[in-house]
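J.: Structure in structure tokens, see below.
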Amino acid sequence: MPTANAYAAFSATEPLGPWSLTRREAGPNDVEIEILFCGVCHTDIHFVRNELGNAVYPMVPGHEIVGEVRAVGSAVTKYKVGDRVGVGCFVDSCRTCPQCQAGEEQYCDAGARFTYNAPEADGVGVTYGGYSTQITVDENYVVRIPDSLPLDAAAPLLCAGITTYSPLRHFGLQAGQRIGVVGLGGLGHMGVKFAKAMGAHVTVLSTSPSKEADALRLGADAFLATGDGTVFESHAGTFDFIMDTVSASHDLHGYLNLLKVDGTMIVLGIGDPAPLSNMPLIFRRRRLVGSLIGGIRETQEMLDFCGQHGIVCDIELITMPQINEAYERMLRSDVRYRFVIDLASLKG
Ligand code: NAP
Ligand code: ZN
Ligand code: ZN
């Protein structure tokens, strides 16, 4: 059985540290992947620190996985040894419910099998993610990385990329429309790039005034510092869309009031629910919606879109032992704009 080196969380309060785990033997439909890079999503911190209340330890996080195929099962048709591939936030689903049939496996009625901290198919143990040197995944839950994209900067597309691309497509962002992206972190900076590539007028709303130059360099047309709250008055009623990527509980009212009549606020960040008045919705017929990552078909579509438009993430490459410091920096909003782990640092 293939043994993988890994980094794991052992409790909600200790630093992550070295561990090893055994991946399953490749079945007929499986692809064995050597993991080369893995992005660090803020969701990893929510899970490691048990903020969702369902942590199983040891936990090996990581769901922005890219690497190369090292072996394929006898029935695999889509991939061959040496292919550049990715694995995102889930590794299986029921395949028969209406959402799975529609290619929206993330909304599977039985629950998509998430890449880490989810019950394994045999009911014994849990899944382990990409802070490790290899992974074995059914070929139907693997995507192809376009040749034109560097693997390290493509890794965060597997979560930060698809999570921002999918709702812009689903809710129909049109060229010329005005969108505000709230929070310039991993998701936010990809939201800026996708909205710009779709022809929208993009404004970044940030608590960090120091990010203004970066926001404009990333493609934003405007930058608004939200610190003193005055922008909520001065820009009320001016946006068709708000995309909220904030990683902590916060007040939504100011952002809702930025929307025009019939405007849509897309909530992506995870945080405890904040009290919400229905008045900003009722008085301007606004929509408040959520969205969860994206399906396999749409993830491949997003990757191909990135290949065509030359879109990748702005990354800071780290070694595996730097992960605990990276978490602290993310919690201080000091990420420019995604940490990516070089798994070479775990091989040896
Ligand atoms: P991130 O890189 O840490 O960025 C989050 C940004 O939010 C920060 O850089 C900061 O931007 C802003 N922020 C943080 N704390 C804030 C606060 N208290 N008030 C206002 N703004 C604050 O995180 P990420 O990886 O992009 O993830 C963002 C959130 O989306 C997380 O909660 C994550 O779990 C969630 N997520 C959801 C999905 C989904 O499918 N819906 C998928 C992936 C991740 P500024 O400095 O610009 O203010
Ligand atoms: Zn994620
Ligand atoms: Zn299903």
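J.: Could you work out the relative contact order of the chain? I mean the mean sequence separation of Cα pairs under 8 Å and 6+ apart, divided by the number of residues, in percent. Before the final figure, lay out the partial values.
T.: Values: 820 pairs, mean separation 62.3, N = 348.
With pairs under 8 Å counted, the relative contact order is 18 percent.
J.: While we're looking at this one, here's another question. Where the only charges are on Cβ atoms (+1 Lys, Arg; -1 Asp, Glu), what is the dipole of the chain about its Cα centre, to the nearest 20 debye?
T.: 640
J.: I've got another one for you. Rank VAL60, GLY73, ALA213 by how far each Cα sits towards the positive end of the charge dipole of the chain (+1 on Lys, Arg Cβ; -1 on Asp, Glu Cβ) and give me just the farthest.
T.: The one lying farthest along the dipole's positive direction is ALA213.
J.: For a test of the definition: using alpha carbon positions, the gyration tensor, and the 1.5 limit on a/c, classify the range 161-290 as rounded, prolate or oblate.
T.: Values: a/c = 1.35, a/b = 1.19, b/c = 1.14.
Note, shape of the range 161-290 comes out rounded.
J.: Give me MET265, MET330, MET190 sorted ascending by neighbouring Cβ count inside 10 Å, so fewest comes first.
T.: Numbers: MET265 23, MET330 20, MET190 30.
Least crowded to most crowded, the residues run MET330, MET265, MET190.
J.: How far is helix 186-197 tilted, in degrees, relative to the longest principal axis of the Cα atoms in the chain, given as a value from 0 to 90 rounded to the nearest 10?
T.: Long axis of 186-197 versus the principal axis of the chain: about 70 degrees.
J.: Right, here's the next one. Assuming R0 = 22 Å, can you tell me the calculated FRET efficiency for the pair LEU216 and ARG336, based on Cβ-Cβ distance, to the nearest 0.05? Intermediate results must be reported in sequence, preceding the final value.
T.: Details: r = 14 Å, r/R0 = 0.64.
Taking R0 as 22 Å, the efficiency between LEU216 and ARG336 is 0.95.
J.: Find the centroid of the Cα atoms in the range 204-265 and in the range 88-144, then give the distance between the two in whole Å.
T.: 34
J.: From Cα pairs below 8 angstrom and at least 6 apart in sequence, can you work out the relative contact order of the range 174-329, rounded to a whole percent? Let's see the in-between values first.
T.: On the way: 256 pairs, mean separation 27.4, N = 156.
Relative contact order, the range 174-329: 18 percent.
J.: Counting only pairs 8 or more residues apart or on different chains, how many lysine pairs in the chain have their Cα atoms under 25 Å apart?
T.: Working: LYS80/LYS347; LYS193/LYS211; LYS193/LYS260; LYS196/LYS211; LYS196/LYS260.
Lysine pairs satisfying the spacing and distance rule in the chain number 5.
J.: Here's something else I'd like to know. Just to be sure I understand: of the beta bridges DSSP finds with both ends in the range 161-290, what percent are antiparallel, rounded to 5?
T.: Details: 0 of 22 bridges.
Counting DSSP beta bridges with both partners in the range 161-290, the antiparallel share is about 0 percent.
J.: Per DSSP helix of 4 or more residues, -39500 (n - 2.57); summed, then divided by the residues of the chain. What does that give at 222 nm, rounded to the nearest 500?
T.: Details: 11 runs with 79 residues, N = 348.
Roughly -6000 deg cm²/dmol at 222 nm, from the helical runs in the chain.
J.: Please list, in order along the range 27-41, the HN-Hα scalar couplings obtained from phi with the Karplus expression 6.51 cos²θ - 1.76 cosθ + 1.60 (θ = phi - 60°), rounded to whole Hz, x for Gly and Pro.
T.: x, x, 9, 8, 10, 8, 10, 7, 7, 9, 9, 9, x, 10, 9
J.: Then there is this: Can you give the % of DSSP beta bridges in the chain that are antiparallel, to the nearest 5? List each step's numbers first, then the result.
T.: On the way: 32 of 58 bridges.
Around 55 percent antiparallel, to the nearest 5.
We did not get these values from a lab; they are worked out from the coordinates using the rules stated. Just so you know, these numbers come straight off a predicted model, no measurement behind them. All Cβ positions, even for glycine, are placed from backbone atoms using ideal geometry, and neighbour counts span all protein chains on display.
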